[in-house]
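Below: one structure, written as structure tokens.
We did not get these values from a lab; they are worked out from the coordinates using the rules stated. Since the structure is predicted, the reported quantities are computational estimates derived from the model, not experimental observations. We place every Cβ from the backbone using ideal geometry, glycine too, and count neighbours over all the protein chains shown.
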Amino acid sequence: MRIGIIGAGKIGSTLAHLFVDAGHDIAIANSRGPDTMRDLEKELGDHGHAVTTEEAARYGDVVVVTVPLKAYRDLPADDLAGKIVIDTCNYYPERDGHIAALDDDSATSSELIQQHLTGAHVIKAFNAMRFDHLRDYGHEGGANQRYGIPVAGDDPAAKKQVFDLIEQIGFEPVDAGHLADSRTFQPGTDVYTADLTAAELRDRIGI
Ligand SMILES: NC(=O)c1ccc[n+]([C@@H]2O[C@H](COP(=O)([O-])OP(=O)(O)OC[C@H]3O[C@@H](n4cnc5c(N)ncnc54)[C@H](OP(=O)(O)O)[C@@H]3O)[C@@H](O)[C@H]2O)c1
């Protein structure tokens, strides 16, 4: 599958490696342009390409958005229309500035991204595990004891495709409901970065 990745930091570069190792083709972008990612491109080999943000959006059947939340309005909504967008972003007001709808909990950060990306199918995933654990814990624990990745989204078919990707890199997807339900695994919850098996996650989230 062709996967675009917008954001080439800790999570973006980790997912790029995991997806290339699982047999996918990656186009990855940062804010500064492809020339600043030549080392990463070399590491990824023939199946990884450094591109612009718009190119990454157009390239992927699935596009991962993994930027500081404050940058979400810069995401190219036109290029992402019709795409499955995996949102890994978390809200940290000290980094992102205050966003009223998140401070009063009237929305989740993924719902704000979905509002901006009209026409995309936004799925929240990979936000609740530290990048180095995401890098190292895939396939650990044995078939029925894999680390779980909570997933939320409003489009069941898009969600299923993200479940498949999660399984391919050695984790167990946990269906945590709609984008509105993703507040159950945002920062501050007791599952956030807790490194739980899928069964433990279901138990703590109450699903
Ligand atoms: N770090 C973790 O363990 C972790 C775990 C789960 C979720 N998250 C969340 O996932 C997101 C990414 O985290 P991270 O730790 O990978 O961040 P990071 O290391 O700071 O990397 C952020 C990346 O986003 C790029 N970026 C920033 N603004 C952009 C824009 N307008 N257009 C395109 N690219 C842009 C940056 O480009 P430049 O390099 O050019 O600045 C950088 O490549 C955040 O929302 C974070 O809260 C992080």
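Residues in the range 1-25 that are more than 6 Å from the ligand (Cβ to nearest atom), part of a loop (DSSP other than H, G, I, E, B) and among the hydrophobic types (A, V, I, L, M, F, W, C): MET1, ALA22. Residues in the range 185-199 that are of a type in the set (A, V, I, L, M) and within 13 Å of the ligand (Cβ to nearest atom) were compared, and the one that is surrounded by the fewest Cβ atoms within 10 Å (Cβ to Cβ) is ALA194.
Annotation: ALA57 fulfils all but one of (1) within 13 Å of the ligand (Cβ to nearest atom); (2) surrounded by 19 or more Cβ atoms within 10 Å (Cβ to Cβ); (3) farther than 20 Å from LEU117 by Cα; (4) in contact (Cβ under 8 Å) with a residue 40 or more places away in the chain; the unmet one is (3). Within the range 120-136, restricting attention to residues that are more than 11 Å from the chain's Cα centre (by Cα) and in a loop (DSSP other than H, G, I, E, B), the residue that is farthest from the ligand (Cβ to nearest atom) is ALA120. The residues of the range 74-100 that are of a type in the set (Lys, Arg) and surrounded by fewer than 12 Cβ atoms within 10 Å (Cβ to Cβ) amount to a single one, ARG95.
Every residue, every condition in (1) more than 13 Å from the chain's Cα centre (by Cα); (2) closer than 19 Å to ILE11 by Cβ, yes or no:
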| site | (1), (2) |
| --- | --- |
| ILE99 | yes, no |
| ASP103 | yes, no |
| GLN115 | yes, no |
| GLU140 | yes, yes |
| ILE149 | no, yes |
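For VAL63, state whether it is surrounded by 22 or more Cβ atoms within 10 Å (Cβ to Cβ), in contact (Cβ under 8 Å) with a residue 24 or more places away in the chain, within 10 Å of the ligand (Cβ to nearest atom) and hydrophobic (A, V, I, L, M, F, W, C). No.
Out of the range 66-101, which residues are hydrophobic (A, V, I, L, M, F, W, C), in a helix (DSSP H, G or I) and within 9 Å of the ligand (Cβ to nearest atom)? If the condition is that a residue be hydrophobic (A, V, I, L, M, F, W, C), in a helix (DSSP H, G or I) and within 9 Å of the ligand (Cβ to nearest atom), then LEU69, ALA71 are the ones that fit. Kindly indicate whether ILE28 is touching a strand residue (DSSP E or B) at 6+ places or on another chain (Cβ under 9 Å), more than 10 Å from the ligand (Cβ to nearest atom) and among the hydrophobic types (A, V, I, L, M, F, W, C). The answer is no for ILE28.
Condition check ((1) in a helix (DSSP H, G or I); (2) in contact (Cβ under 8 Å) with a residue 24 or more places away in the chain; (3) surrounded by fewer than 17 Cβ atoms within 10 Å (Cβ to Cβ); (4) touching a Leu at 6+ places or on another chain (Cβ under 7 Å)) across all residues:
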site	(1), (2), (3), (4)
ASP105	no, yes, yes, no
THR118	no, yes, yes, no
GLY138	no, yes, no, yes
ILE149	no, yes, no, no
VAL162	yes, yes, no, no
PRO173	no, yes, no, no
ARG183	yes, yes, no, no
LEU201	yes, yes, no, no
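Residue pairs whose Cβ atoms lie under 8 Å apart, separated by 6 or more positions or on different chains, with the first residue in the range 1-29 and farther than 14 Å from GLU43 by Cβ and the second within 6 Å of the ligand (Cβ to nearest atom) and aromatic (Phe, Trp, Tyr), are LYS10/PHE131; ILE11/PHE131. The single condition among (1) within 16 Å of ILE86 (Cβ to Cβ); (2) aliphatic (A, V, I, L, M); (3) not in a helix (DSSP H, G or I) that ALA143 does not satisfy is (1).
Only a single item in (1) closer than 24 Å to VAL62 by Cβ; (2) touching a strand residue (DSSP E or B) at 6+ places or on another chain (Cβ under 6 Å) is not met by ALA107, and it is number (2).
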